[in-house]
Amino acid sequence: MDLASPEIKLLGFCVLLLALAGAISASVAFLREKGAGPRIMLAGSILSLVGMIPQALAQFIDYHANKGYEPLELPQIVYFTFWNWLPTASALVFAVGLLMTAFQRRGLSKRIAELESILSAHEMAGKK
């Protein structure tokens, strides 16, 4: 099994694309909540998807170049540093949005617990 073969690279790209689809769908599911967290998550997911376009182009050309087609020259922009760090940086943006959403939910659950304890204290005082 050759891990550098175009088929394995294509499979890895498809798995990454599936993971991004999951991240985008999670972001969309959280959009009805208040706060900036879900919007930041969605922005990070979409930026990561945009950053994968040159990688997908390289995989497509590599796949077809090794299948008997004439090898094509990739534009220099594909190897430009921007396209290499954009998916990683946007994954960090997604993580920040996820943390913001988690902290907001944690604060909300603490507030609900406080209100439930106040309510139970009033019920106990009413029974006496």
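Could you tell me whether residue 47 is surrounded by 11 or more Cβ atoms within 10 Å (Cβ to Cβ), within 30 Å of residue 106 (Cβ to Cβ) and at pLDDT 70 or above? Answer is yes for this residue. A single entry from 36, 95 fulfils the requirement of being modelled with pLDDT of 85 or more and either among the hydroxyl-bearing types (Ser, Thr, Tyr) or closer than 29 Å to residue 13 by Cβ (or both): 95. On the stretch given as segment 1-23, residues that are among the aliphatic types (A, V, I, L, M) and open to solvent by less than 40 Å² (accessible area, probe 1.4 Å) total 2. Of all the listed residues (110, 67), the sole one being surrounded by fewer than 17 Cβ atoms within 10 Å (Cβ to Cβ), at pLDDT below 85 and basic (Lys, Arg) is 67. If the condition is being at pLDDT below 85 and either open to solvent by less than 60 Å² (accessible area, probe 1.4 Å) or within 21 Å of residue 28 (Cβ to Cβ) (or both), then segment 76-92 contributes 78, 83, 86, 87.
The values are calculated or read from the model by the stated rules, or taken from the named source; none is laboratory data. As the structure is a prediction and not an experimental result, all values here were calculated from the model. Positions of Cβ are backbone-derived with ideal geometry, glycine not excepted, and every protein chain shown enters the neighbour counts. Remember, those area values only see protein heavy atoms, side chains included, never the ligands or the DNA or RNA. Shrake-Rupley method; radii C 1.70, N 1.55, O 1.52, S 1.80 Å.
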